[in-house]
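Structure, as structure tokens:
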């Protein structure tokens, strides 16, 4: 390599380094002294709230400028209330982050419902906190003792709103596989569903994350009050697999049924997505993405997650953005079959 070429490359490197440094300084200057709000799109005490508060404790130390990070709850319409707020009303400067339901991300795909207030494909994704493993739970004193029996005996399960896993997953099983679930929808969040299970208002619930429910209600399983009826996941959670807990796809009668289940469950790979508005400047999105991944490996967060027994399996924002874009390219004919299975009552 000639000396002029080396000098030219050195100049380019210096320019890029200088530009990167200026961008970093600009981001730090913006965030210094500010407050970043994570909007948890669920009621307090639920799984999304749990993860949001876990992340909020350490996120600020990894964002340039070290802003204060707080959590606010905004439940409603399977997290679409929070999504619409972030998309339309909240500041578009990177000081508001949404912790949204995975169901909201794919609602336009799987239900065909297009929200006039926001477009989930246009949000900027800064990361995903965990790959979730979803399960159906049932009281051990219920008449149904196994998932196979639920094809012959009715099971009353609680649900939230259309577009949320706690409503859509049991309806999918009812319509696609013929499971005799009676879905009582309208609960504000998983916390309220679980309280209804405790009170005996309903016998169980589906579309619940195993990591959250195991951490929040350990006495259920220790005292054999509630058990996992079936796993709603393609591969299943290793611990539950060892216990012999079946997967819903084991009961599919055709390849098409398995394809539909697998497509719906594909969203669980981004079970806890964090987003900012489309208008947030690129350099701040990049800074938040780096900060998010650094927070997920922060020793304090890791230790606390182990203490409360929740899983942390993060996905980088860039990867998540690409996965969601790919999902939005699903063939229309397959999406129509998914929509038919989820839309029914």
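Descriptive notes on the structure:
- Exclusive hit being outside the structural domain of residue 327 (by TED's automatic domain parsing), closer than 22 Å to residue 150 by Cα, over 18 Å from the mean Cα position of the chain (by Cα) and at pLDDT below 95, set 196, 252, 185: 185
- Just one of the numbered conditions (1) touching a strand residue (DSSP E or B) at 6+ places or on another chain (Cβ under 6 Å); (2) at pLDDT 95 or above; (3) closer than 25 Å to residue 41 by Cα is not true of residue 270: (2).
- Considering 316, 277, 340, the condition of being outside the structural domain of residue 147 (by TED's automatic domain parsing), crowded, with 20+ Cβ neighbours inside 10 Å and touching a residue at least 12 places away in the same chain (Cβ under 8 Å) is satisfied by 277 alone.
- Residues that are surrounded by fewer than 14 Cβ atoms within 10 Å (Cβ to Cβ) and assigned to a loop (DSSP other than H, G, I, E, B), drawn from the range 200-241: 200, 223, 224, 235
- Of the residues making up the range 299-309, those that are under 18 Å from residue 272 (Cβ atoms), at pLDDT 95 or above and surrounded by fewer than 18 Cβ atoms within 10 Å (Cβ to Cβ) are 302, 304.
- Residue count, the range 52-86 (criterion: crowded, with 21+ Cβ neighbours inside 10 Å, in contact with a helix residue (DSSP H, G or I) (Cβ under 8 Å, 6 or more places away or on another chain) and assigned to a helix (DSSP H, G or I)): 7
- Filter result for residue 289 (under 17 Å from the mean Cα position of the chain (by Cα), under 30 Å from residue 30 (Cβ atoms), assigned by TED's automatic domain parsing to the domain that holds residue 112 and buried (at least 20 other Cβ atoms within 10 Å of the Cβ)): yes
- Residue in the range 153-173 that is surrounded by the fewest Cβ atoms within 10 Å (Cβ to Cβ), counting only those that are in contact with a helix residue (DSSP H, G or I) (Cβ under 9 Å, 6 or more places away or on another chain) and assigned to a helix (DSSP H, G or I): 171
- Of all residues in the range 251-274, those satisfying the criterion of being free of Cβ contacts under 8 Å to residues at least 60 places away in the same chain, farther than 25 Å from residue 311 by Cα and outside any loop (DSSP other than H, G, I, E, B) are 255, 258.
- Residues that are part of a helix (DSSP H, G or I) and at pLDDT 95 or above are absent from the range 39-49.
- Scope the range 327-342; condition closer than 17 Å to residue 119 by Cβ, in a helix (DSSP H, G or I) and under 20 Å from the mean Cα position of the chain (by Cα); matching residues: 327
- Whether a residue is closer than 28 Å to residue 290 by Cβ, buried (at least 20 other Cβ atoms within 10 Å of the Cβ), at pLDDT 95 or above and under 15 Å from the mean Cα position of the chain (by Cα) was assessed, and residue 125 passes this test.
- Yes/no for residue 150 being assigned to a helix (DSSP H, G or I), touching a helix residue (DSSP H, G or I) at 6+ places or on another chain (Cβ under 9 Å) and not assigned by TED's automatic domain parsing to the domain that holds residue 205: no
The values are calculated or read from the model by the stated rules, or taken from the named source; none is laboratory data. Please read these numbers as outputs of a predicted model, since none were measured by experiment. A quick note on method: Cβ atoms are made from the backbone with ideal geometry, for glycine too, and the neighbour counts reach across all protein chains shown.
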